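See structure below.
The values are calculated or read from the model by the stated rules, or taken from the named source; none is laboratory data. Predicted, not measured: the structure shown is a model, and the values here were computed from it. Note that each Cβ is placed from the backbone with ideal geometry, even for glycine, and that neighbours are counted across all protein chains shown. What goes into the accessible areas is simple: the full protein's heavy atoms, side chains included, and nothing from ligands, DNA or RNA. Shrake-Rupley method; radii C 1.70, N 1.55, O 1.52, S 1.80 Å.
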Amino acid sequence: MNTLQKLELLGGGTKWDICTPTSKAHAPKNNDSRIGAPYSAGVCRSFTPDGRCVSLLKVLNTNACIHDCKYCMHSTNSKPQTKTQFEPKELAGLFMQLYTRNYIEGLFLSSAVMGNADCAQEKMLETINIIRNQFHYDGYIHLKIMPGSNMNHIKQLVEISDRVSINLESPTKNSFSELISTKEYKIDILRRLRYIQHAKQKQFAPGGVTTQMVVGAAGETDLEYINRMEKLYDDYGVYRAYFSAFDPIKGSPLDQQKGIPLRRENFLYRTDWLVRFYGFEFSEIKKIPGENENLSLSIDPKLALALKTPNRFPVDINHSTEEELLHVPGIGPISAKRIIQKQYNNQKIKNEKELKKIGIRLKQALPFIAINGFSQSRLEAFS
Amino acid sequence: MRNRLRTIERKGDSSLFFASHQLKAFTRFESFPEMLLFGKIASHASFIMNALNFFCYRFPPFVIALYNTPNNRLFVQSKRKDFCYRTIKDFDSSEKALEWLRPLVQKSIKKRLHFGVDWKPEYFERFFETQFIENRKNLRLQKKLMFTNLLDKDSVEFKSLKKFSRTLSNTQLGDFFFSKTPVHTQQQAIQTKKGFLPKNAE
């Protein structure tokens, strides 16, 4: 099998893996012979017809796997496929060829587990060692940690990469065991996350540790994802959790199951953003899901929370804190900052036009704010 | 208590956070064994100088040459110590610019870097095609982020825009009258010379 055919098979195997390059890469060594200084922010090179940017070369080392993940096309239960693997030199050379031609900005390397996890990790290490030491590449590399890898390998991978990730796949142990029988949730996944946390020091993997979960493959609720996010961020020091709405893959054991609407994935990301960018507490976020423990797919999570906590509103736009402003639907971190700046400068906001200039979404925000003591009346007031 | 306001401040400040996902300028290099990276670009001179600095910083062992197609001007720069050459020169075509530059670089740089894999343009094309998930098709987003005027018309991205936008059939007058019938039945109906009525409505 030639390199082109391998690229087609092993590149296609990673299309459901979500990763974005980060500007938080390690500092380059001050040496003119090294390629790929990751300091300067680049531009995304290309966009696929689904609107996602192709800025990293995303490939698997091999697609031969011993695990039986029901949603995966490479699992032992899936329809047999042509199995192949990249030789470390071949993959390293291919990556450098693409990189020097400015097609990509970095490498995302994952693998199926052929033999055992350590075997897969050794192959990955070999490839990265060639790229870093033989080709003097200093740029962005994101590596996937295999479930069940040993501490020594994890340490080496963390030292050599800019970001590492391990796929959690499911928020709870029960749903995980429904999907996969060959992996142990606590031992193979959570313990490895703990190992990564120990191995990671300030200078290593500056892009942090990320994880990915499949949404709704085993009937998980949104509240379970939110609870898991809280544990990941607070206890395991995970930088970011990615979600991927379950999409049945042809030939996999779950190919007859119905897919999950993308809006659900989108709304989970929105709740994640409320925590990471808006500074919301997880205790607040947990109030958003309804009785069935799922987020409503018709109301934005921030608006849903605002409707559930009417005592917080209306917020006086000229005398409120940044935290209070961030809770108002239609006000984001940048516009909240601008309002606070106006407060510092003793400039009072007198009308809606000024708010619009700041960049607030008036339609969403007006029912929850007061300008000069006046707020928009609600329908309930007339009943 | 969780206090993430500092992070918010940092991220809110960063204009690059939004800009990095937008394609502001576009060039792809042709790599030559003489450690020369040659790319075509269509932009303003001031921007090209910045781009040159950026690429020299990113590829220090290479000589970077950007050929600005609107005014046929070649910009050359390198961070190498044995090729301290920084120039701007006008040419008739990119081929002539290469003819002039390649021997010059060949003379100066003796040490080469081999990656062990021969280059084929199909590598990226095939990889690009594998990354697309059909259920998530969002051409509007692709068009918004990817400026078509900066793209080479033979590139795989440009072709993909054309290819997938063609699959969306235009709404025809018949669609409003027979909305419940499938589109292909309506098209058949239009083809028959019996007006806009589908076959089964007779």
Net lengthening on full extension, residue A:323/residue A:119 (0.36 nm per residue, minus Cα-Cα): 68.6 nm
Aspartates and glutamates whose Cα lies under 15 Å from that of residue A:183, excluding same-chain neighbours fewer than 8 positions away: A:68, A:118, A:169
Computed for B with A: buried accessible area summed over both chains, 1.4 Å probe, rounded to 100 Å², at 6300
For the range A:31-118, what relative contact order do you get, as a whole percent, if you take Cα pairs closer than 8 Å and at least 6 residues apart? 38
Carbon and sulfur atoms: what percent of the 1.4 Å accessible area of the range A:73-118 do they account for? 49
Take every Cα-Cα distance within the protein assembly as shown, group them into 10 Å bins from 0 onward, and report for each bin the whole-number percent of pairs it holds. 3, 14, 22, 23, 19, 13, 5, 1, 0
Once Rh for the range A:136-178 is found with the Kirkwood sum over Cα pairs, what is the Stokes-Einstein diffusion coefficient at 4 °C and 1.567 mPa s, in µm²/s? 107
Would you work out what percent of the accessible area of the range A:228-383, with all protein chains in place, is carbon or sulfur (probe 1.4 Å)? 50
Evaluate Rg over Rh across the range A:251-359, taking Cα atoms for both radii and Kirkwood's formula for Rh. 1.11
Where q = 0.14, 0.30 Å⁻¹, what log10 of I(q)/I(0) comes from the Debye formula for the range A:92-141, counting one point per Cα? -0.37, -1.15
Starting from the Cα of residue B:144, move 7 Å in the Cα-to-Cβ direction to define the label point; list residues of the range A:345-364 whose amide nitrogen is under 12 Å from there. none
Taking 0.36 nm per residue of sequence separation and subtracting the Cα-Cα distance, how much length would be gained by fully extending the chain between residue A:32 and residue A:309, in nm to one decimal? 94.0 nm
Residue list for the range A:72-90, given a label point 7 angstrom along the Cα-to-Cβ vector of residue A:4 and an amide N cut-off under 13 Å: none
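I need the fraction of alpha carbon pairs in the range A:47-93 separated by more than 17 Å, rounded to a whole percent.
53
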Stokes-Einstein D for the range A:46-132 (25 °C, 0.890 mPa s, Kirkwood Rh from Cα pairs), in µm²/s, comes to 173
Taking Cα pairs closer than 8 Å and at least 6 residues apart, the relative contact order of the range A:173-326 in percent is 19
Nearest-0.05 FRET efficiency for residue A:287 and residue A:351, computed from C-beta distance (R0 35 Å): 0.60
So, with points 7 Å from each Cα along the Cβ direction, the residue B:81-residue B:120 label distance in nm works out to 4.0
Calculate the FRET efficiency for residue B:89 and residue A:334 from the Cβ-Cβ distance with a Förster distance of 41 Å, rounded to the nearest 0.05. 0.40
Using 0.36 nm per residue, how much length does the chain from residue A:273 to residue A:258 gain when fully extended, once their Cα-Cα distance is taken away? 2.7 nm
Would you mind getting the accessible area per residue of the range B:30-128, heavy atoms of the protein chains only, 1.4 Å probe, in Å²? 51
Here the FRET efficiency for residue A:66 versus residue A:87, based on Cβ atoms and R0 = 25 Å and rounded to 0.05, is 0.75
In straight Cα distance, which lysines are under 17 Å from residue B:79, not counting same-chain residues fewer than 8 positions off? A:29, B:107, B:110, B:111
Please give the helix A:117-129 orientation as an angle from the longest Cα principal axis of chain A, in degrees from 0 to 90, rounded to the nearest 10. 90
Length-normalised contact order of chain A in % [C-alpha pairs under 8 Å, at least 6 apart]: 12
Translational D (Stokes-Einstein, µm²/s) of the range A:226-305 at 20 °C and 1.002 mPa s when Rh comes from the Kirkwood sum over C-alpha pairs? 154
For the protein assembly as shown, the dipole about the Cα centre with charges only on Cβ (Lys and Arg +1, Asp and Glu -1), to the nearest 20 debye, works out at 1320
